[in-house]
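Worksheet: one structure, shown below.
What follows is calculated from the coordinates using simple rules that are stated; it is not laboratory data. Model, not experiment: these values are computed from the prediction. With ideal geometry, Cβ positions are generated from the backbone for all residues, glycine too; neighbour counts draw on all protein chains shown.
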Amino acid sequence: MEQLFSSVYQKFCELKFKNGNLGSLLSQTAELLHSEISHYDWVGFYILDSQNDMLVLGPYTGAPTEHTHIPIGKGICGQVAENKKTMVVQDVSQQDNYLACSLDVQSEIVVPVLKNGLFVAEIDIDSHAHAPFKIEDEMFLMAISDQLAELF
Ligand code: SME
């Protein structure tokens, strides 16, 4: 598994090197993570709209979601925007402050993108597996988040 993460991270770095445009890098990153990591069933980015205290859905792969705009503090995504800390939810049925996208989703990890300590966006991953996320997922996604932060 660790080898998978390091090879996907390498591919991500190549995409970043070739791609100066943030929007297309986010789309390609969502595609990459979704296609290479089997327990990542929905991969997307929410971007902060600071004027409206709202998260706005950016590029994603997986089933369409009704949650295109999420107020800060609402759901797992909104909590991460508020607290600026990664949330790993191994069983979404145990989370009270949760916005359901599909009945297939069993678990979720959300990692903030921080630019000079300020929240600017987040990586959101849903899984159809129960409790699939390990510390390696967190480390991998935090490394990607750090790279993306440079482009915001
Ligand atoms: N489940 C998220 C909402 C976004 S979807 O996962 C795409 C939440 O509780 O914030």
Which whole-Hz couplings ³J(HN,Hα) result when phi for each residue of the range 106-116 is put into the Karplus expression 6.51 cos²θ - 1.76 cosθ + 1.60, θ = phi - 60°, listed in order with x for Gly and Pro? 10, 8, 8, 10, 10, 10, x, 9, 10, 10, 6
Would you grab the residues whose amide H sits under 5 Å from the one on Val113? Only those 5+ places off in sequence or on another chain, please, with H modelled 1.01 Å from N. Val120, Ala121, Glu122, Ile123
Rounded to whole Hz, the Karplus (6.51, -1.76, 1.60) HN-Hα couplings of the range 38-51, x for glycine and proline: 5, 8, 9, 8, 9, 10, x, 10, 10, 10, 6, 9, 5, 5
Just order 72-81, 91-100 by mean Cβ neighbour count inside 10 Å, highest at the front, would you? 72-81, 91-100
For Ser107, what residues show an amide H to amide H distance below 5 Å, using hydrogens built from the backbone and excluding near sequence neighbours? Val92, Ser127, Ala129
Per the Debye formula with a single identical scatterer at each Cα and no solvent contribution, what log10 I(q)/I(0) holds for the range 11-52 at q = 0.24, 0.27, 0.29 Å⁻¹? -0.83, -0.93, -1.00
In sequence order, what are the phi-derived ³J(HN,Hα) couplings for the range 88-96 according to the Karplus relation 6.51 cos²θ - 1.76 cosθ + 1.60 with θ = phi - 60°, rounded to whole Hz, with x for glycine and proline? 10, 10, 6, 9, 5, 5, 8, 9, 6
Pairs to check: Lys18/Lys74; Lys84/Lys134; Lys16/Lys84. Give those whose C-alpha atoms are more than 26 Å from each other in this structure. Lys18/Lys74
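What ratio of Cα Rg to 2.2 N^0.38 Å holds for the chain? Can you show the working numbers first?
Working: Rg = 14.2 Å, N = 152, 2.2 N^0.38 = 14.8 Å.
Cα-based Rg divided by the globular estimate yields 0.96.
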Take every Cα pair under 8 Å in the range 47-122 that's 6+ residues apart, average their separations, divide by the length, and report that relative contact order as a whole percent. 28 percent
